[in-house]
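S.K.: Attaching a single structure in structure tokens format; questions to follow.
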Amino acid sequence: MRLLATALILALAACTPEIGTGTYFCGPERLCPPELSCDDTSYTCIAPSSVDPFVCPEGFDDTEPDDEMSTAQDLGELDCGLNLLQAANSCLQAGSGADYYTFTYNGNCQGANPHLAIQMRYPIALVPLQLELIDGNGTVVATGDYCTQSNDSSGRESLCIDTPPVTGTTYFVKVSRDPDGPDCDGDCDFNQYLLNIAFPLAGS
Amino acid sequence: MRLAIVPSVVCVVLLALARPSLAQSPSNEQSPLQTFNASANADQPDYFGKKSVPQKVSFRQAKPRTRRQHIIIASLFGGALAFGGIGLYFHLDSRDASNTLSIAGGEPIRTYDRAADSLRDRAFRSRTLAIVGYSIGGAFIAATIAAMSMTQPGDEIISIDDEPAPKNTVPVSVVPVRGGAVVGKAWSF
């Protein structure tokens, strides 16, 4: 009888999820197992005693101010088949506005499918971001669609824009908060992101 | 063959009628020869010269439970099996969910999203249900044991006397003979 009780206790012990610290990325709105807390900077679930407050990546404010179209970070001219911006690590602090990037396209690139490929990735733990492509007149040409792979387990969401550019146009890329996105009731109204702007001549 | 048996049967019947003592001999469902010998030599010394003394044989036998008691015990045991099965089902469900979710250590490899949170809730909910199921199943097992103990009917002592069979019994005899057998039965009027 005692053996049976011991076996039962041991068997039931295997019915408790064992989640080690730092083994999970935080879910939306800093979602973590109850015994862990979300570290805003690494957006991983860790022991509550080790959690640090959110800090933007080093050097993120070198391009500030870039909160308006008139003060947008100038990336230059778009070259055929080249990457304009690769894995730029930037940040939206609490209370700050949007980030703007600008570039022009004057060429006439030839290819099977010359198109702008803009991708932004950001941790889903904090406030969701949105991505817009705006022409020189201030008209929104395209907005970012969710393009996160179904098997992506990096704790990040991806937004993508794929559109053919028009020659002689100045473009602006705007990164801002999703006004409808959850922000932990204002407690996680900040985020970091990686931005890629490429101009492939083929592919989709 | 049938023609040979019929006269033999008739013969034995006639013999029995002619000898009432044979018809009234005790029957202990033995062979007819033994029956005859037992009847004829009941008061005679046996082969070893010892006189047959009637003996009383006693043995202990468990009394059967009543049908109602059997139903109660079976129902309790059935309840134990049912709740044990429910506990096992939720136990395995909880274990699967826990194994899916558990990561002991290392670099982050998954996102703790709503689905993971639901899986964790399921693991704990099934764990609780497993404990409840096992507990109730255990209570039913205890109740089954208690019911078996409480309804223990005890033993009874059965005695069999080695007395001669009632004298009005009539033996049926089958005597093997060469090429067949003789079947006989005796009646007295």
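Just so you know, all these numbers are worked out from the coordinates, no wet-lab data involved. Just so it is clear, the structure is predicted and the values come from calculations on it, not from any experiment. Note that each Cβ is placed from the backbone with ideal geometry, even for glycine, and that neighbours are counted across all protein chains shown.
S.K.: Give the residues of the stretch A:59-83 that are of a type in the set (A, V, I, L, M, F, W, C) and more than 18 Å from the chain's Cα centre (by Cα), sorted by residue number.
M.R.: A:M69, A:A72, A:L75, A:L78, A:C80, A:L82 - these are the residues of the stretch A:59-83 that are of a type in the set (A, V, I, L, M, F, W, C) and more than 18 Å from the chain's Cα centre (by Cα).
S.K.: When residues of the stretch B:121-137 are filtered for being within 7 Å of another protein chain (Cβ to nearest Cβ) and surrounded by fewer than 21 Cβ atoms within 10 Å (Cβ to Cβ), how many remain?
M.R.: Selection size over the stretch B:121-137: 2.
S.K.: Okay, next question. Residue by residue through the stretch A:176-188, note down the ones that are crowded, with 18+ Cβ neighbours inside 10 Å, part of a loop (DSSP other than H, G, I, E, B) and of a type outside the set (A, V, I, L, M, F, W, C).
M.R.: Within the stretch A:176-188, A:D183 is the sole residue that qualifies.
S.K.: Got at least one residue in the stretch B:145-157 being within 14 Å of chain A (Cβ to nearest Cβ) and crowded, with 17+ Cβ neighbours inside 10 Å?
M.R.: no
S.K.: Filter the stretch B:90-117 for residues that are at the interface with chain A (Cβ under 7 Å from one of its Cβ atoms) and in a loop (DSSP other than H, G, I, E, B); which is surrounded by the most Cβ atoms within 10 Å (Cβ to Cβ)?
M.R.: B:Y112
S.K.: Within the stretch A:115-139, count every residue that is assigned to a strand (DSSP E or B) and within 14 Å of chain B (Cβ to nearest Cβ).
M.R.: Total satisfying the criteria: 3.
S.K.: What residue, of A:A142, A:A112, is part of a strand (DSSP E or B) and farther than 24 Å from B:R114 by Cβ?
M.R.: The match here is A:A142.
Conditions tested, residue by residue: (1) in a loop (DSSP other than H, G, I, E, B); (2) surrounded by fewer than 19 Cβ atoms within 10 Å (Cβ to Cβ); (3) within 14 Å of another protein chain (Cβ to nearest Cβ).
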| position | (1), (2), (3) |
| --- | --- |
| A:P34 | yes, yes, yes |
| A:C45 | no, no, yes |
| A:D52 | yes, yes, no |
| A:D67 | yes, yes, no |
| A:G95 | yes, yes, no |
| A:F103 | no, no, no |
